[in-house]
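The values are calculated or read from the model by the stated rules, or taken from the named source; none is laboratory data. A quick note: this is a predicted structure, and the numbers were derived from the prediction, not measured. Heads up, the Cβs are rebuilt from the backbone with ideal geometry, glycines too, and the neighbour counts pull from every protein chain shown.
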Amino acid sequence: MSIKSIVLAAAAVAVTATAGAADSYFQKGRTLDAGTVLELGLVTADNNGVVEIYDFHTGEQGALLGAEMVNAGANTDVRVNTVLPAKRDVIAVLKVDGQVAAQKEFIVN
């Protein structure tokens with residue numbers, strides 16, 4: 001095998017590994033308890049970012065209720081303080097580098 005082939009194979013493996021590791025997501029189920037602190041559990045981010053919680057009771061993204069910074073990688077026990085108690089459905093939006101990396105709708109009990 002030539003050096004060129006080895007370099008190309010190594011580059012292909014590196015690109016595949018990077019693509020596989022590029023996941024941002026919310027692990028929590030679909031329900032949250034009502035209150036001024038929403039417990040999202042594990043949030044995984046590709047890079048440092050922010051989780052924003054918006055009102056979603058009309059099925060459309062409404063007012064921003066609260067936000068919490070997260071670090072690259074797995075963030076356990078993520079809790080977002082809200083300005084007003086969340087009593088209706090919300091949507092959590094994870095932004096990384098200013099772009100939406102993940103979002104999830106939650107039913108608030």
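The set of residues from the stretch 25-44 being out of contact with any Phe, Trp or Tyr (no Cβ under 9 Å at 6 or more places or on another chain) and either of a type in the set (A, V, I, L, M, F, W, C) or crowded, with 20+ Cβ neighbours inside 10 Å (or both) comprises Ala34, Val37. Of the strands (runs of 3 or more DSSP E) lying entirely inside the stretch 45-109, those containing at least 2 residues that are free of Cβ contacts under 8 Å to residues at least 24 places away in the same chain and surrounded by fewer than 18 Cβ atoms within 10 Å (Cβ to Cβ) span 64-70, 99-108.
Scanning the stretch 59-109 for residues that are modelled with pLDDT of 95 or more and within 14 Å of Thr36 (Cβ to Cβ) gives Leu65, Gly66, Ala67, Glu68, Arg79, Val80, Asn81, Thr82, Val90, Val108.
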